[in-house]
Amino acid sequence: MSHFGKLTRTIRLERGLTMEALALKLGTHKGYVSGIESGKVSPPSVKLIRKYAKALGQDVRHLVRLAWVDKAPKLIRDDADRFLAWVQAGTKDPPLSQ
């Protein structure tokens, strides 16, 4: 499961929203929401991420970061994961590449 899909699924369930209800708020289909949550579909564009943020009451920048990490090429995926952990930790020094 993707970072983006995992978080949006968790929040959707906490809010008591069905996939159909969220899809309606986003202007998309249940199957698309299901695909994102399962990681079978890449995270959406920033335009749709803005709708997710509004529908789920989340910070759009945080959701965009999660989507960016999920879309990172395998070559730099570990670096992207470390970057995400660094941003979430709020520490001063960025993580070093290995």
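Coordinate-derived values only; no laboratory data. Not measured: the values here are computed from a predicted model. Every residue, glycine as well, gets a Cβ built from its backbone with ideal geometry; the counts of neighbours run over all protein chains shown.
Observations on the model:
- One decimal place: the segment R50-A72 gains 5.9 nm when fully extended, by the rule 0.36 nm per residue minus the C-alpha distance.
- Within the listed set L63, L24, L75, the Gaussian network model of the chain (springs between alpha-carbon atoms below 10 Å) gives the highest mean-square fluctuation for L75.
- Restraint check, K30/K74; K25/K71; K6/K40; K51/K74; K25/K47; K47/K74, Cα-Cα greater than 19 Å: K30/K74; K25/K71; K51/K74; K47/K74
- Taking 0.36 nm per residue of separation and subtracting the current Cα-Cα distance, fully stretching the chain between S38 and Q88 would add 15.7 nm.
- Residues D81, D59, D70, sorted so that the one with the fewest Cβ neighbours within 10 Å comes first: D59, D81, D70
- Between the labelled values (1) 6.4; (2) 10.3; (3) 11.7, the entry that holds mean projected area of the Cα convex hull in nm² as derived from this structure is (1).
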